[in-house]
Amino acid sequence: MREQTRTPTPGAEAGGKAPGGFHREHHHQQAPEILGTDPSMEQLSGGRPLFATNRLQIVTEAGNPLGIETLADLADPSILFVTSAVEVPIGRYTAEVLARAELTVRPVSLEESVKGIVTKVSTGEADAGIVYATDAAAAHPRVTSVNIADEFNVIARYPIAALSTSDAATRFVTFIRSDEGQAILREFGFGSP
């Protein structure tokens, strides 16, 4: 099953026009012509420019009642950890993070998506999971985020390219990579390419 990642519709809450007269509230209508809203596309980027990055974070129940501070805490068998199968991008990234940290963590369940991980943790059905920083921020205050040390973290890179020669697709790619587009993405927790 393909994971659905949360990608904001840039500027939708503010309306207005992007450079070149392209209406920001209509960007989502151009999505079929754009490559680059799923981190699993990273291996297909073929040198295409990046438009955003994302880091991973540990999420815990609100307030972090068990005091989880590091990846090593997740290896405690009393911690109920959830993730996704490695076929799902977040599951693959989580496995890579744990391998870098040389940790074995046994999940109590494999969720179909980041949303499933956040739901299990925010409802107290699990103690912790690893998700994209953007999803952790969106779930606040229902969950508490714990940073993962840079030496173990994985950066998801999002490539973008117009898949057609339409003016709308070209303007969208230009806009999303512009200073204004990057500022909107930062508001949602994405990093710069």
In whole angstrom, the spacing between the Cα centers of the range 71-108 and the range 125-147 equals 14 Å
Residue span ASP179 to THR53: 0.36 nm per residue of separation minus Cα-Cα distance leaves a gain in nm of 43.9 nm
Ranked output for segments 181-188, 98-105, 83-90 by mean other Cβ atoms within 10 Å, highest leading, reads 83-90, 181-188, 98-105
Taking a ≥ b ≥ c as the square roots of the eigenvalues of the Cα gyration tensor, with a/c under 1.5 meaning rounded and otherwise prolate when a/b exceeds b/c and oblate if not, the range 150-193 is oblate
Taking 170-179, 69-78, 120-129 and ranking on average Cβ neighbours within 10 Å, highest first, one gets 120-129, 170-179, 69-78
So for R0 = 30 Å, FRET eff. of PHE188-ALA85 from the Cβ-Cβ r, to 0.05, ends up at 0.70
For ALA137 and ASP150, extending 7 Å from Cα along the Cα-Cβ vector and measuring point to point gives, in nm, a value of 1.9 nm
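Every number in this text was worked out from the coordinates using simple rules, so none of it is lab data. None of these values were measured; they are calculated from a predicted model. Because the Cβ atoms are built from the backbone with ideal geometry, glycine has one as well, and the counts that use them run over all protein chains shown.
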